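The values are calculated or read from the model by the stated rules, or taken from the named source; none is laboratory data. Owing to the predicted nature of the structure, the values given are computational and were not obtained by experimental measurement. Please note: Cβ atoms are built from the backbone with ideal geometry, for glycine as well, and neighbour counts cover all protein chains shown.
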Amino acid sequence: MSNVFKTGLLLAVLTVMLVLIGGAIGGRQGMLIAFFVAVAMNFVSYWFSDKMVLAAYGAQPIEEASAPRLYAIVHRLATRAGIPMPRVYMIPSETPNAFATGRNPEHAVVAVTEGIMRILDEEELEGVLAHELSHVKNRDVLISTVAATLAGAITYLAHMAQWAAMFGGRSRDDEEGGSNPIAMILLAILAPIAAMLVQMAVSRAREFQADATGAKVAGRPWGLMKALEKLQMANQAVPMADATPATAHLFIVNPLSGQTLMRLFSTHPPLEERIARLRAMRF
């Protein structure tokens, strides 16, 4: 089963979950409303997610003159990957990390923190940027953003279902009776967990794929391997202060990794497994 098919299947599962929760709250009318909510949220994610995440982290565009080394690496890798030169942004944070965003390769952005520019050498920085440009090439940014948006909508509707159950909410369809309060409470508890697990599966699959594609774009895997080890240790020691679970999936390493609970529900595969897969690659 290809990664593309698995990702499409997982996104379909999230959409179906959203519609079913809408049905549990309001019958067929609720299902229809939930479906249009999913469409609207995906539309917003498609057009505005890059602007929202850049603003959330205070990222600022930088010119080539102020970061010639960074621009040279990005331009070289974009040419190898066969994608347009993305816009380059700098995040004012000492925590070393990076992410890519944008709805397609023509509107892509690569953002790096000030911290990552200080601790990585040329080869390691190239490995990180090759990974991020692979997300752009594979259109992973949009996929992961849509998955996160759907999971957030499911959690919101599940909370609505919980309140409806507590206050005697009933279906409005003529053919249907009232909803079971116990079933709705169970749905309110289990649906967000299921949505989180599906979102994690989508994100982890895309991270593995970007590691592999990035190593090929860079021409070698060890730059990314060394960078991952450095970034993981740095983020565990000093997690990004303003990072949120809603955007954690975008970064090359989990910016919430300093929090024990968040590590249990990480959108990133275990570092050891990522490095092992890179080490096993043959060129």
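The residue pairs whose first member lies in segment 40-63 and is more than 24 Å from E94 (Cβ to Cβ) and among the hydroxyl-bearing types (S, T, Y), whose second member is in a helix (DSSP H, G or I) and modelled with pLDDT under 90, and whose beta carbons are closer than 7 Å, counting only pairs six or more residues apart or on different chains, are S45/T145; S45/V146; S45/T149; Y46/L142; S49/T145.
When the residues of segment 109-137 are filtered to those that are under 15 Å from the mean Cα position of the chain (by Cα) and not in a helix (DSSP H, G or I), the one that is surrounded by the fewest Cβ atoms within 10 Å (Cβ to Cβ) is V109.
In segment 34-64, which residue that is among the small types (G, A, S), out of contact with any Ser or Thr (no Cβ under 7 Å at 6 or more places or on another chain) and within 28 Å of D242 (Cβ to Cβ) is surrounded by the fewest Cβ atoms within 10 Å (Cβ to Cβ)?
Taking segment 34-64 first, the residues among the small types (G, A, S) are 34, 38, 40, 45, 49, 55-56, 58-59.
With out of contact with any Ser or Thr (no Cβ under 7 Å at 6 or more places or on another chain) added as a condition, the list becomes 34, 40, 55, 58-59.
If we keep only those that are within 28 Å of D242 (Cβ to Cβ) too, we end up with 40, 55, 58-59.
Working: A40: 12, A55: 9, G58: 12, A59: 22.
My answer is A55.
Could you tell me which residue of segment 232-283 is modelled with the lowest pLDDT, considering only residues that are part of a loop (DSSP other than H, G, I, E, B) and within 16 Å of G214 (Cβ to Cβ)?
Keep residues of segment 232-283 that are part of a loop (DSSP other than H, G, I, E, B), which gives 238-247, 252-259, 265-270, 280-283.
From what is left, the residues that are within 16 Å of G214 (Cβ to Cβ) are 252-253, 268-269, 280-283.
Details: I252: 93, V253: 91, H268: 84, P269: 88, A280: 93, M281: 90, R282: 78, F283: 69.
By that ranking, first place goes to F283.
Criterion first (under 21 Å from the mean Cα position of the chain (by Cα), within 23 Å of N254 (Cβ to Cβ) and modelled with pLDDT under 95) does G102 satisfy it? Yes, satisfied.
Does F36 satisfy the condition of being touching a Phe, Trp or Tyr at 6+ places or on another chain (Cβ under 9 Å) and aromatic (F, W, Y)? Break it down into steps so the answer makes sense when it comes.
Numbers: touching a Phe, Trp or Tyr at 6+ places or on another chain (Cβ under 9 Å): no; aromatic (F, W, Y): yes.
So F36 does not fit the description; no.
Return yes when A234 is within 21 Å of N138 (Cβ to Cβ) and buried (at least 17 other Cβ atoms within 10 Å of the Cβ) and no when it is not. In short, no.
Among the residues of segment 60-80, those that are under 18 Å from H131 (Cβ atoms) and either assigned to a loop (DSSP other than H, G, I, E, B) or in contact with a Gly (Cβ under 9 Å, 6 or more places away or on another chain) (or both) comprise L77, R80.
The single condition among (1) out of contact with any helix residue (DSSP H, G or I) (no Cβ under 9 Å at 6 or more places or on another chain); (2) without any contact (Cβ under 8 Å) to a residue 24 or more places away in the chain; (3) buried (at least 17 other Cβ atoms within 10 Å of the Cβ) that M31 does not satisfy is (1). Do you know which residues across segment 97-108 are in contact (Cβ under 8 Å) with a residue 24 or more places away in the chain, surrounded by fewer than 24 Cβ atoms within 10 Å (Cβ to Cβ) and under 13 Å from A78 (Cβ atoms)? Matches in segment 97-108: G102, P105.
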